[in-house]
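Shown next, in structure tokens, is the structure this report addresses.
The values are calculated or read from the model by the stated rules, or taken from the named source; none is laboratory data. These numbers were taken from a predicted model, which means no experiment stands behind them. When we count neighbours, we look across all protein chains shown, and the Cβ atoms used for this are built from the backbone with ideal geometry, even at glycine. For accessibility, only protein heavy atoms count, side chains too; no ligands or nucleic acids. Shrake-Rupley method; radii C 1.70, N 1.55, O 1.52, S 1.80 Å.
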Amino acid sequence: MSTSSSSDAGFTGLEAAVVLLAFVIVAAVFGFVVLQAGFSSAQRGQSVIHDGIRQAGSSCMVAGIVYGISATPGFVESILVPVGLTAGSEPIDIATVSVRFVGQKHSGIVSPSLPLVGVFPEPGFWSVQERVNSDADLLLEPGEQFVLNISPKSLVDCRPYGSFAIEIKPAGRAALRVERTVPGSIERVNRLD
């Protein structure tokens, strides 16, 4: 009997080894699946972070002094905003930019003029008044400046001591918000701070 007992014990040990090996293989497969899901999730998170940084960082900035132009006493009729790219930004197609005028008493979209370049805009329109260090295209590229001439439709917020904001938003990127106050005494050309 001792012979059959030792052969049964050996067989039981072999079964235990096979079961243990199966558990190790299942654990390894499960670990691989979990790691793969973690890598995939981390990669998606990284992609979202990079897109967010691109959108927030690839915008324009005010590249000089903002002026208000007045042809009528008591009102600033158009606002000149020089814009350039932030460091490391990709070019912006200025034809795809949307402009919005926001005042305490009036706000609204300011439409692009046709043609867009070199014209004095009618009320409710904006244009590219001047291009500095620029080639002939409508791409705002590193080192270039475009002077936007923005004529709000309503001049209610463009009186002395009136304050307003202009939101310049390139397509798919963060908006540039320019907040200014009209001086108490309005001249033909006014520095807006």
* By how many degrees, between 0 and 90 and to the nearest 10, does the Cα long axis of helix 2-57 differ from the longest principal axis of the chain? -> 0 degrees
* Helical mean residue ellipticity (222 nm; -39500 (n - 2.57) per DSSP H run of 4+; nearest 500) of the chain -> -11000 deg cm²/dmol
* To do: Specify which labelled value, from (1) 41; (2) 23; (3) 47, agrees with percent of Cα pairs over 28 Å apart derived from the coordinates of the model shown.
  => (3)
* **For the chain, built as a Gaussian network whose Cα springs stay under 10 Å, the top-fluctuating residue of 148, 20, 138** => 20
* Asked: Using a 1.4 angstrom probe and counting only protein chains, how large is the accessible area of residue 21 in Å², to 10?
  -> 110 Å²
* Structure fact -> Other residues with Cβ under 15 Å from the Cβ of residue 80 give, with Lys and Arg +1 and Asp and Glu -1, a net charge of 0
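Explain nothing, just the number: relative contact order of region 35-193, from Cα pairs under 8 Å at least 6 residues apart, as a whole percent.
On the way: 369 pairs, mean separation 43.7, N = 159.
Averaging sequence separation for qualifying contacts and normalising by length gives 27 percent for region 35-193.
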* residue 69: accessible area at probe 1.4 Å, nearest 10 Å²? -> 30 Å²
* Considering only protein heavy atoms, with the full assembly of protein chains and a 1.4 angstrom probe, order 169, 105 by accessible area, largest first. => 105, 169
